[in-house]
Structure formats: structure tokens, C-alpha cells
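Heads up: the structure comes next, in C-alpha cells.
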Amino acid sequence: MNLIAFSSVLICVTNIFIAILVLLKGKNTRVNIIWAILCIFISIWGIGSYKFSTVLTIEEAFFWQQIANIGSIFIPITFYHFLYAFLKLNKKYQTNILITAYILGFVFLTFDLFIPQYFIGEPKLVFDHIYILQFSKNNPLYLSFYIIFYLVLLLYSFSELIISYRKSRGTYKNQLRFLVVASIVGWIGGDGYFLTVINNDIYPILNFAIAIYPLIVAYAILRYRLMDINLVFRKSMVYSLSAGLLTGIFLLLIMIMSNYISDLTGHASLGVSCIAALIIAMLFNPLKNRIQLLIDKVFYKTRYDYYSTIQKAGSDLVELIRAGDIQDYILQLIFKTLKVKSAYFLSIDGECFKGAITRFSNNKLSTEEITQELDKNSELVRLLKTGKDIVIKEELAEVVENDEFDIIAEELKPFNGKIAVPFFIEDRLSFILILGEKLSGDFYSDEDINLLSTISSQAAVSLKNAMLYGELEQRVEDRTGELSYANKQLEDFTKVVSHDLQEPLWKVKMFGDRLKAGYAEVLEGKGRDYMERMYSAITRMQRLINDLLALSRVTIGVQPNISVDLNR
């Protein structure tokens, strides 16, 4: 297998992979469908280039060049169609360009299929194994095709892409950045073949670039959710892909080394290939392990188990009954899983949201009160209330107008905010969690957003219960205060009874004692009877007062001393 054939196989594999990925994992939108069709046309080119670089006769090469041209004709057209949909190029002249491109595409397709001798020309065997078209023997139709599609149309497409990139913001800008890079790489690969057509002495090694561009798109999908695709690679899947790619590279190296050494030694390549394969096999495992360590560092340095994290958070939050403890737990969980630099937990307080900042340094969390406030009538609060969803700064440009974007970005600036998480209690925005960027500098993934959304829902329930518990505590405290006041009143009453009521009785008894002591002999029978009745009434009244005092002591919790016989 020569290098062109090998690069063609890679073109087919990578583009079919991206096409399937976009169709299966992405939303069923026009943008995704057009991109998948573009990948299919590139794969058709890959199949054709594989065949015309491996066949033995010029007739077969001519046929497979026709097949490859089907892909090359519609690649620039579908690429512009993709940008037309993705960038929302809805002006009339842009629509006319698209319609004209498709009309010309079918015209050139007719030339390719029905009068190929006037379009393709005559292939030539170069480098002893590849049949390449000869520009000098091509009809001007082929030159017109190249200029119209691969120069004019693609240059215009790139200009629109770059203009949109310069105007864009946030995540959309990052998506366009990688799309620009991928498109340029693919364009270089496509034009590399035309260089060989113009000058048959140039080896079409740039064909490999067409296989590289889907990998750039895959990275943009993984990192920035290009085309609204939510993709989370499992470690096993990434390792398998890396091992497969590494195997392919080693096969390519074996082929290059065997051909090179065979040319130097003049011996058959079988023995040389075996030696080269043995050397590379010895290096395969160490290199594979290093690549896997690199993958862990790049892709999984902040990974966590989503479901176990949610399950643990749900069970832990149920046990917390105080709002402060719940806030601390949420912050601990977020710093542990997402590794953010800072977090602001704001709660509604009158006309604004106030709170504290929590930072992570030296493996410890530190919290301090802040002076920054967020007005409850601010644009950010309004967006949180109306959308009832997490606000991501990098994606604001896609959901609000430019003026609103600038206002919200300015409101997030004092908090160094990258993302705002709302907490709704009974449909009322009660808390806002504003997170800064990650320590790693990575973008918040869909898994991170889902985690924060689930935690906010769970925490909202716990915070509601905590607020109810706080209200109950306050009611208990109020009732306790009322009881304390009542006891104080009762205690005051007891003092009044003890002193003010008994004092007249003591005086009556005192004067009675004096009367009895000084005039007992003078008193007759009735006088003595009245005296005894007076003493009896005094004693009875004192007993009643003492009983009331005893009852009041029980009520206010003052227990009288009771004598206990320790011998019993």
C-alpha cells in the first residue's frame, strides 16, 4: 500500500466517523445533516483516490477518477452550504450563490459522468504506482471547475467564516476558531492534489491533511460542543482510538522504512519489513502508555463520576437542616469536582442579592463577606428568572442581543463570573451561585452543566426545608420568649403574694397576740370566742396563700426542697 492509498483510507475512516458522530450524537438539524453529507462526499473522494492509486490499468484509473470527481465537485458546494446554514447567511445574494453553485455542480457532474474525455482528460502513471490527471492534457472545463469551486467559492466561504469569527463572542467564537483551522487544513489537502495535477513531479503527500481536518472538528465537538453535539468520551473509548491511531502510524512507518531500506540495500522488502516491524513493536507499548498518560492529563484531569456524585449529594443534603451548612456543602462539592477558582453564593436581601466569596487555596476553602451586590432588577437576574436555567457567559451571545450581552457581562465582571446557577424556592429566585473559571482553564462541559443543574434542584429542596426549619426555630424561640415573660410575670405575682398579701395577716396576728396578752383576762366568753375565730381565719388564710405559692413554684419550674430518708 502506497502513501496515497494509505492517506485515502484515513480520509474515509475519519470522515465516515465524523459523519456518523454528527448524525447519531447531534441534534437532527439542517446544519448537522449538511455537515454529514459533506463528510460523505469527502469519503467518496477518498474511495476514488484509493482506487486510482492502486489499480494497474489506465482504464480502471480513469473510472475511479470519475468516482473521485463526484466527491471533489460537491465538496466545496456542500462546504459553502454548511456555512450558509451554520453562519445564517440569509441575504439574497448569498442564497443566489448557493443556488448557482449547485447548478454548476450538476453541470460539471454531467461532464464527469457522460463526457469524461472532455473533462478529465488522460491519467498518467507517476511515481510508478499512481495514476494522476495531466493538467496539460485536460480540457479547459477542468480548469474552469477548479477556479470556480476551489478558488472563488472556497475563498468567498473562508471570507464569510473569518468575518463571522471576528464578530462572534464566547463559545461560538471558539467553535468558529477551530472550524477555520480545520477548513484551512482540509483546503490545503484538497489543493495539494491539484498541485500534482499541474506538476506531475510533485508527490500528493498533502492528501493526509484531508484526513487530519476531521480530528480538529472532533476536538471542537468535544471541547466546545460544535453543532450542539454533547459528547463525553469514556476512557476505554479514547484509549482504543489512540491505540488504533498509533497502530496506523506504525504501519505507515513500517512501510516507509521498508521501502527506504530496500532502496538502499537493494534487497527484497520482506525481511527488512520484519526487522522494522520488530523494532517498532518494541517501542509500541512504552509509547502507548505515554500517550494514555497524556490523555489522562489533557482530558481527564478534572473528571468525576457524575452519577455517584449526584447520588452522594442527594443523600448528604437530606441530612442537613441549616441553610449555612447546605451552602458550605454545595461549595465543598463544587470545588472538589469542578476545581473552580472562586464561587459567590448570593441570597436575596431586600432589593438586592448579597453574599460571600469562597476561594480555594492551599487545599483549603476560605470564605469572606463581600461588598459587591447584584440588584434584583439587573439583567442577569431578569434572565435567570425568565429562563429559569443556568446562564453561561461564553454562550450569552447566542441567547441575548449584543446590548444585553454587554450589560450582563459587566454585571458578572465584579464576581469574575463565568457561570450563574439559580436556586428557585417555590418559583422564587432565592439564591444565585456565581462560579469563576476552572483552575485548569477548561470550558464548562455539558456534564458540568448537568451536574450544577441537578445539584441546584436538590439543594433548592434542602434550602426550602432549612428555611422552614429556621422559621420553626424562630417560632419556638418566640414562644419560649413569651413563656419566659409569662413566668416572669408569675414570679412577680408570687413575690407580691408572698410579701404584700401576707404582711397584713402578720400585722393582724401581731395585734391579736398583743390583745390576747394584755386583755385576755378582761375578755369574756364571747370575746374569747371571737379571738379564737380570728386566729383560725388567719391560719386558714396563710395556709391558702402557702398552697398558692407552692403551685406557682411548680408552674415556673421551681421545685421545693423535699426531705428524703436515706435509710429507706
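Here, each number is a calculation from the coordinates, and none is a lab measurement. Since the model is a prediction, treat every value here as computed from it, not as a measurement. Every residue, glycine as well, gets a Cβ built from its backbone with ideal geometry; the counts of neighbours run over all protein chains shown.
Looking at the square roots a ≥ b ≥ c of the eigenvalues of the Cα gyration tensor of region 306-470, which shape do they give, rounded for a/c under 1.5, prolate if a/b is larger than b/c, or oblate?
Values: a/c = 1.43, a/b = 1.22, b/c = 1.18.
Rounded.
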Practice problem: Over 20 Å between C-alpha atoms is what I'm after, so list which of Lys173/Lys339; Lys376/Lys413; Lys312/Lys393; Lys88/Lys173 land there. | Solution: Lys173/Lys339; Lys312/Lys393
Quiz item: Where does each of 472-485, 412-425 land if you order them by average Cβ count within 10 Å, highest first?
Solution: 412-425, 472-485
Quiz prompt | Neighbour cut-off at most 15 other Cβ (10 Å), DSSP loop, trypsin sites (Lys or Arg not before Pro), region 1-98 | solution = Lys27, Lys88, Lys91
Practice problem: Quick one: how many lysine pairs does region 482-555 have with C-alpha atoms less than 27 Å apart and a gap of 8 or more or different chains? Give me the count, please. | Solution: 6
Practice problem: Answer with one residue from Leu548, Val522, Ile538: the one whose Cα lies farthest towards the positive end of the charge dipole of region 482-555, charges on Cβ with Lys, Arg +1 and Asp, Glu -1. | Solution: Val522
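Which loop-located chymotrypsin sites (Phe, Trp or Tyr not before Pro) does region 55-117 contain, where loop means any DSSP state but H, G, I, E or B and the Cβ has at most 15 other Cβ atoms within 10 Å? Numbers along the way, then the final one.
Details: sites: Phe62, Phe63, Trp64, Phe74, Phe79, Tyr80, Phe82, Tyr84, Phe86, Tyr93, Tyr102, Phe106, Phe108, Phe111, Phe114; in loops: none.
Passing both the DSSP loop test and the Cβ count: no residue.
Distances over 15 Å make up what percent of all Cα-Cα pairs in region 482-555? Walk me through the numbers on the way to the answer.
Numbers: 1687 of 2701 pairs.
Looking at region 482-555, the distances longer than 15 Å represent 62 percent of pairs.
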